[in-house]
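Only one structure is covered here, and it is reproduced in the block below.
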Amino acid sequence: MNKKLLIAVFVSAMAHTFACAASPKENRMKTVWADKVTSENVWQSYPRPQLQRSQWMNLNGLWQYAVTTQDTPKKEVKFEGQILVPFAIESSLSGVQRSFLPTEKLWYQRNFTLDDAWKGKTVILHFGAVDYECQVWVNNKLAGIHKGGNNPFSFDVTKLLRKGGSQLVEVAVIDPTDTESISRGKQQLEPKGIWYSPVSGIWQTVWLEAVNSTHILQVLPTADIHKKTVSLDISVAKAKGGEKVKVELLDEGKVVGTTEQKLASKIEMEVPEAVLWSPSSPKLYHLNIELLSQGQVIDQVKSYFAMREVSIRKDECGYQRICLNGDPIFQYGTLDQGWWPDGLLTPPSEEAMLWDMVQLKNMGFNTIRKHIKVEPEQYYYYADSLGLMMWQDMVSGFSTERKDEEHIKPNAQTDWNAPASHTNQWQQEMFEMIDRLRFYSCITTWVIFNEGWGQHNTVEIVEKVMEYDKSRIIDGVTGWTDRGVGHMYDVHNYPSASMILPACNGNRISVLGEFGGYGWAIKEHLWNPGMRNWGYKNIVKELSDELGGMAVKAANDANAAALGEMWAGGGKGSKNLVMVTLGTGVGGGIIVDGKIVAGAHGAGGEVGHACVEPEEEAVCNCGNHGCLEQMTSATGIVRLAKK
């Protein structure tokens, strides 16, 4: 029998201790994965599924840390304890759990030793994400600086390494959070309402890899479902001319195609008996790629792709429809903000992250809108593998102090007149995100601006993105102030469901981007019982003596009935896309047998988890939550390597 998946209510964070770090001051909520996290097992899987190599080293684990004033010289820093990377200093899983102010500087330090097999190689130091601006030193020599809290970056540190023995890496971070106009999403120094706890410092995997001087930088596949081919755009660093590329195409582990040719801008391969990717059939093809110079293999990588096409066309009624592989598809999913009570923006583990996604798929959703956050790359690999379509938001932001100017109102006639320095940095981060994630077939839509947050130069920026990536749908403005640009007219309506009529949408797709905002307060799972539960509307509930007796008494609600009808009909008769926001103001999560399993996506606000009983038993819902081996086996996912 299925176990009931219930919505609980709570805010962000806490309660996890490490012997080497101060204990949290309060015993706050955590997921079932928190107690499984150790310095040895924390986020150990390969962090870049789109381009995998065998020679790499994971630097997650315990680092030394210190917090100083911003003007403290590096030589005067005195480290005060250990922090578990890749968790932000504000999170309980970091083992520190303290606030970090815009006037402060956060320092990290750790030693590492390279494998002898890396001798003579080029060594690249990678950071998955560091919020917000950082400097990096290796062996007391500056490796580089980076600005932007959501995208990966790397430095060639080969010339900074000692010939042998222990190597030293140090990082210094500053984070203005909401005191400046940066891409900070829902982070706020004073969390309240829909604004959540800040995330500062390293919050995604740190790792090293060894390559030859000439090596593959990127593989970008483009599928042609009509010709049944895939075109590979392979970028190579420091190519000297005359290199060749050998590619093996694998279907379920069997080589079904091979080509070897001179390095060119595009390599096209036939895909025999091509199976198209969809939520019901998330077929992936794998690639083995070798780079050769004078007959010698100088680089080897693994990659993959899916055969799918996203397009727009009018249906028989004359409405513009979202299409997958040429056929209209009704996308329905959650406004998923990816906040965790113990890790904040960082899921407590890869297992926790995957479990969350599997539950959404089992609930019947086929889409996730990744709201104001960029996830670790493994997330998008799992979405590809599970058949979950993605809307990916650009991380918005504005200065809280200058909110009246930078957060434009729904009826504003003009955009924020952002200074050139802001728009240049913001656009740089946006295109970095697109360049990094455009590989992943699950992403069907880029979302540029959300509800007027820092909205500026709308027409110019949205048209630029539409030209930059013509293979996806561009949602220029989700909610509030539409500027007549982009493929969608996307409205937010809380709590009821409504949308712009097609006759008034400028020949675009009519979209209900957000609605709901229903609060469900459960006494046993309130963060602060004395605080009003956030929600545009509260869900009436009844509890029997047993946990299974909880039921939602919303059948007579017109919105619930309308949504149920649309889902039951697979979207037939609905000329729109519906993204569901089922909200609780003090966070929300999934409870199984009375235990907090996942959720609490922030310190309050919309939550993208539905309260339903799936038709089939959820994968790994057997009490051994987070069993990665079981989940990947049951869903057919190819496991990523661990180090």
Can we say E375 is acidic (D, E) and open to solvent by 10 Å² or more (accessible area, probe 1.4 Å)? no
Could you please find all residues in the stretch 356-389 being more than 15 Å from R436 (Cβ to Cβ) and of a type in the set (S, T, Y)? T367, Y382, S385
Residue satisfying condition, being touching a strand residue (DSSP E or B) at 6+ places or on another chain (Cβ under 9 Å) and in a loop (DSSP other than H, G, I, E, B), within set G333, G338, G318: G338
Looking only at the stretch 346-360, which residues are open to solvent by 10 Å² or more (accessible area, probe 1.4 Å) and farther than 23 Å from G149 by Cβ? E351
Taking the options L93, L125, name whichever one is of a type in the set (A, V, I, L, M) and over 21 Å from E429 (Cβ atoms). L93
Filtering the stretch 240-254 down to residues that are farther than 26 Å from I225 by Cβ and open to solvent by 20 Å² or more (accessible area, probe 1.4 Å) yields K240, G241, G242, K244
Open to solvent by less than 40 Å² (accessible area, probe 1.4 Å) and under 30 Å from N212 (Cβ atoms): does that describe L84? no
How many of the residues in the stretch 40-80 are surrounded by 15 or more Cβ atoms within 10 Å (Cβ to Cβ) and assigned to a strand (DSSP E or B)? 13
Which residues, taken from the stretch 153-187, are touching a helix residue (DSSP H, G or I) at 6+ places or on another chain (Cβ under 8 Å) and more than 26 Å from I434 (Cβ to Cβ)? E170, A172
Restricting to the stretch 255-266, what's the tally of residues that are modelled with pLDDT of 95 or more and open to solvent by less than 50 Å² (accessible area, probe 1.4 Å)? 2
Tell me, please, whether a residue that is open to solvent by less than 30 Å² (accessible area, probe 1.4 Å), of a type in the set (K, R) and either assigned to a loop (DSSP other than H, G, I, E, B) or within 30 Å of S231 (Cα to Cα) (or both) can be found in the stretch 477-497. no
Scan (1) farther than 30 Å from V219 by Cα; (2) of a type in the set (S, T, N, Q); (3) open to solvent by 50 Å² or more (accessible area, probe 1.4 Å) for the single condition Q455 breaks and write down its number. (3)
Have a look at S441, S385, S396 and point out the one that is at pLDDT below 95 and either under 21 Å from the mean Cα position of the chain (by Cα) or among the β-branched types (V, I, T) (or both). S396
Given the criterion surrounded by fewer than 23 Cβ atoms within 10 Å (Cβ to Cβ) and within 21 Å of the chain's Cα centre (by Cα), identify the matching residue among K147, K186, K121. K147
Residue hits (the stretch 292-313; more than 23 Å from L437 (Cα to Cα) and either surrounded by 14 or more Cβ atoms within 10 Å (Cβ to Cβ) or of a type in the set (D, E) (or both)) are L292, S293, I298
Total residues in the stretch 499-523, condition open to solvent by less than 50 Å² (accessible area, probe 1.4 Å) and either among the aromatic types (F, W, Y) or assigned to a loop (DSSP other than H, G, I, E, B) (or both): 9
Conditions (1) over 21 Å from Q300 (Cα atoms); (2) of a type in the set (V, I, T); (3) touching a Leu at 6+ places or on another chain (Cβ under 8 Å) -> T68 fails only (3)
Pick from the stretch 458-476 the residues that are over 13 Å from Q427 (Cα atoms) and of a type outside the set (V, I, T): which of them is surrounded by the most Cβ atoms within 10 Å (Cβ to Cβ)? D475
Might you let me know whether the stretch 269-284 holds any residue that is under 24 Å from the mean Cα position of the chain (by Cα), assigned to a strand (DSSP E or B) and surrounded by 20 or more Cβ atoms within 10 Å (Cβ to Cβ)? no
Across the stretch 225-239, what is the total count of residues that are touching a Ser or Thr at 6+ places or on another chain (Cβ under 7 Å) and either without any contact (Cβ under 8 Å) to a residue 12 or more places away in the chain or surrounded by fewer than 13 Cβ atoms within 10 Å (Cβ to Cβ) (or both)? 1
Could you list all residues from the stretch 118-146 that are in a loop (DSSP other than H, G, I, E, B) and either closer than 16 Å to E170 by Cα or touching a residue at least 60 places away in the same chain (Cβ under 8 Å) (or both)? K121, G128, A129, Y132, N139, N140
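The values are calculated or read from the model by the stated rules, or taken from the named source; none is laboratory data. Treat the numbers as computed from the prediction; the structure is a model and nothing was measured. Reconstructed Cβ throughout: ideal geometry from the backbone, glycine too, with neighbour counts over all protein chains shown. Surface areas here come from the heavy atoms of the whole protein model, side chains and all, with no ligands, DNA or RNA. Shrake-Rupley method; radii C 1.70, N 1.55, O 1.52, S 1.80 Å.
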